[in-house]
1. Note the full-extension length gain between PHE139 and ARG124 as 0.36 nm times their separation in residues minus their Cα-Cα distance, in nm to one decimal.
2. When VAL9, VAL155, VAL37 are ordered from fewest to most other Cβ atoms inside 10 Å of their Cβ, what list results?
3. Arrange LEU112, LEU84 by Cβ neighbour counts within 10 Å, fewest through most, would you?
4. With just the Cα atoms of segment 1-143, tell me how far they stretch along each of the three principal axes, in Å, largest first.
5. For LEU126, LEU113, what ranking results if the residue with the fewest other Cβ atoms within 10 Å of its Cβ goes first?
6. Using a simple charge model, +1 on the beta-carbon of Lys and Arg, -1 on the beta-carbon of Asp and Glu, nothing else, what dipole does segment 5-193 show about its Cα centre, in debye to the nearest 20?
7. Here is the link list: LYS6/LYS41; LYS48/LYS187; LYS58/LYS95; LYS80/LYS163; LYS82/LYS154; LYS42/LYS172. Which ones come out longer than 28 Å on Cα distance?
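Every number in this text was worked out from the coordinates using simple rules, so none of it is lab data. None of these values were measured; they are calculated from a predicted model. Cβ: placed from backbone, ideal geometry, glycine included. Neighbour counts: every protein chain shown.
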Amino acid sequence: MVNKVKTCVFISGKGSNLFSIIKNSRNYYFPIKINLVISNKKNADGLKIAKKYSIPFKFFSSINQDKFEKQSLIELKKKKIKFLCLAGFMKILSKNFIENFGHKIINIHPSLLPRYKGSNTHQRVLKNKDKYSGCTVHFVTPKLDSGKIILQKKVSVSKNDTKESLKKKILKAEHITYSKAIIATFKQFLFEKKIYFNFSVFNTIRTVYRIFIYGQTIHFSKGSFFSFQRIRGSH
Ligand code: GAR
């Protein structure tokens, strides 16, 4: 059995990215398992998703951010969480929290960073009449939406797009890009030996293997551990 990295997802809302990560993480070869979901919003729909999939979840209010971070760190330690994904989590984590957890935190943002950091990304894209927007998965630093970029996906903006239609298109791209980025992150961690991750089965790969995730073909070969062709998105 592949040793999956114990992972927590921080959310604040709907949790559609959480849902797509949970789905993909159920595949044998996916590098992480979601062992905990933490929300800073009591009524976040994402908590219902965690409940449905029997994933332990917690709500900690972030009105007092210091308290939120302390409570979260205790829970992360308790559950031996080694990796953290922010998925629609609308708070900026402090330098102290990031250092305490050990920098293994990634986030998804609905724009092609470094363009449109912060909120209201779709409105700003439409106002500027951009031809493209998209999403970015990046490492988290205390500086808003500024950490090293892991993966981006471009989405074309049409003349008829509204804030809602653009949001929908980009969200669809996010559901695929986030899981691809998680795989890319662990490929990097493996090569840099940043964290212990027993994925020795891959060390023996000498030729092209094909596996199927929910009916989608994935190819990976020597020198390109995980070159995903397609992976499952969301609902
Ligand atoms: C997503 O579009 C995500 O990129 C964005 O919030 C949405 C959450 O959707 N995150 C940010 O804007 C963070 N700066 P979800 O709850 O359905 O995954």
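1. Full extension of this stretch gives 3.1 nm more.
2. Neighbour counts put them in this order, fewest first: VAL155, VAL37, VAL9.
3. Final ranking by Cβ density, sparse to dense: LEU112, LEU84.
4. Reported extents, whole Å, longest axis first: 47, 36, 28.
5. Fewest to most other Cβ atoms nearby, the residues stand as LEU126, LEU113.
6. In total the dipole reaches around 300 debye.
7. LYS48/LYS187; LYS80/LYS163; LYS82/LYS154
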